[in-house]
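Heads up: the structure comes next, in structure tokens.
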Amino acid sequence: MRVIIADDEPTMRSRLMAAIDHLEAPFDCVKVCGVAENGAELITAVEQATAIDLVISDVRMPEMDGLSSLVYLRSKYPALKIILLSSETSVSTHGAGQAAGNAENAENAAKYELLDKIAARICRQENEPGKINSILAGCEKLAMAPCAVARHFGAQGFVRKPISTAKLKTLLSRLESTRDFIKIDKEG
């Protein structure tokens, strides 16, 4: 499995690469094929790479956040698996499942409609002055959980930092065995 990692913190990138290096069979075939410090670099890395299977990206990064890069990559590479990482407190991800389950109510439907408009601009690579041009900024403005938004835009999962070999094994096992959204808050 060929992976690209995106995180603006060098320590987190190193931890993730070390966790990948310590994987044993059957996951010892996971190879890091690129790293990025922000969403814009992530997009470039994916576009320049060949046959990438998985992207593991931080949510909060400079220049372009992980949710915005998710939207762009999902539009160009629908088969690409994307997992988002966050070290946000439980408050920011609290109720993510509930928010996803209640997406049909009028308030959430209106919020997702606004995020979809932002996503369309991101996919067209348009940046409109005076408008929200980031999915993460939209989440914050609308008080939406990033985890629920990641699910809405087609991420395969959402994992709480720090990442470890045990969390990575759990993630990879679940990626192979389910098509459901994967949310890992704790170890294993």
I'd like the full set of residues that are in a helix (DSSP H, G or I), surrounded by 15 or more Cβ atoms within 10 Å (Cβ to Cβ) and either free of Cβ contacts under 8 Å to residues at least 12 places away in the same chain or not aliphatic (A, V, I, L, M) (or both), limited to segment 1-26.
Arg13, Arg15
Give me the pairs, please: first residue somewhere in segment 140-162 and part of a helix (DSSP H, G or I), second residue anywhere and charged (D, E, K, R), beta-carbon distance under 6 Å, and either six or more positions apart or on two chains.
Leu142/Lys111
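Across segment 133-172, what is the total count of residues that are among the hydroxyl-bearing types (Ser, Thr, Tyr) and at pLDDT 95 or above? Talk me through it step by step, then tell me what you get.
First, the residues of segment 133-172 that are among the hydroxyl-bearing types (Ser, Thr, Tyr): 134, 164-165, 170.
Applying the additional criterion that residues be at pLDDT 95 or above yields 134.
The number of residues fulfilling the criteria is 1.
Looking only at segment 171-183, which residues are closer than 18 Å to Ser87 by Cα and out of contact with any Leu (no Cβ under 7 Å at 6 or more places or on another chain)? Break it down into steps so the answer makes sense when it comes.
Step one: of segment 171-183, the residues closer than 18 Å to Ser87 by Cα are 171, 182-183.
Correct list: Leu171, Lys183.
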If the Cβ limit is 6 Å and pairs must be 6+ apart or interchain, which residue in segment 44-68 that is at negative phi and assigned to a loop (DSSP other than H, G, I, E, B) pairs with which residue that is of a type in the set (S, T, N, Q) and modelled with pLDDT of 95 or more?
Met61/Asn38; Pro62/Asn38; Met64/Asn38; Asp65/Ser134
Looking at Ala45, Ala40, which is the one that is under 20 Å from Leu168 (Cβ atoms) and modelled with pLDDT of 95 or more?
Ala45
Segment 37-71, residues that are touching an Asp or Glu at 6+ places or on another chain (Cβ under 6 Å) and acidic (Asp, Glu)
Glu37, Asp58
Tell me, please, whether a residue that is under 18 Å from Ala137 (Cβ atoms) and either touching a Gly at 6+ places or on another chain (Cβ under 8 Å) or not aromatic (Phe, Trp, Tyr) (or both) can be found in segment 29-39.
yes
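The values are calculated or read from the model by the stated rules, or taken from the named source; none is laboratory data. A quick note: this is a predicted structure, and the numbers were derived from the prediction, not measured. Glycine also receives a Cβ, built like all others from the backbone with ideal geometry; neighbour counts cover every protein chain displayed.
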